[in-house]
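In what follows, a structure is listed as structure tokens, so that the remarks can point back to it.
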Amino acid sequence: MANERFSSVWDAIEDTPEQADSMRLRAELMGKIADRVAEWKVTQKVAAERLGITQPRLNDLLNGRISRFSLDALVNLSRPALGGHLHFSFEDKPKEEAMI
């Protein structure tokens, strides 16, 4: 078996680049929301109420159960958690990578 190199764990375990991108974005957004919840220094019950979700749902988020959250659901949670608005950026691949 040949050694393959991947740019992220998501590229290694997902079937398509699109699925890997979705998982990467979800993981990053979940991490940002979890960091903000930790900054609140409140119980999970209070944090869940602030986010408008149940405590078990918050527990899933805090424990990184990515498959239980769509990107849409995380975007909806980001406003009460993070305030302000999300910013999305897209980076073009270097030309030599894009040709592969």
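The values are calculated or read from the model by the stated rules, or taken from the named source; none is laboratory data. Since the structure is predicted, the reported quantities are computational estimates derived from the model, not experimental observations. Methodologically, a virtual Cβ is constructed for each residue, glycine included, from the backbone with ideal geometry; neighbour enumeration extends over all protein chains shown. In case anyone asks, the SASA skips ligands and DNA or RNA and just uses the protein heavy atoms, side chains included. Shrake-Rupley method; radii C 1.70, N 1.55, O 1.52, S 1.80 Å.
Here is how the numbers come out for the structure above:
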read-out	value
Whole-percent carbon and sulfur share, accessible surface of segment 40-100, 1.4 Å	53
Segment 38-80 - Kirkwood radius from inverse mean 1/r over Cα pairs (Å)	10.6
Distance (nanometres) between label positions extended 7 Å along Cα→Cβ at Ser22 and Thr43	3.6
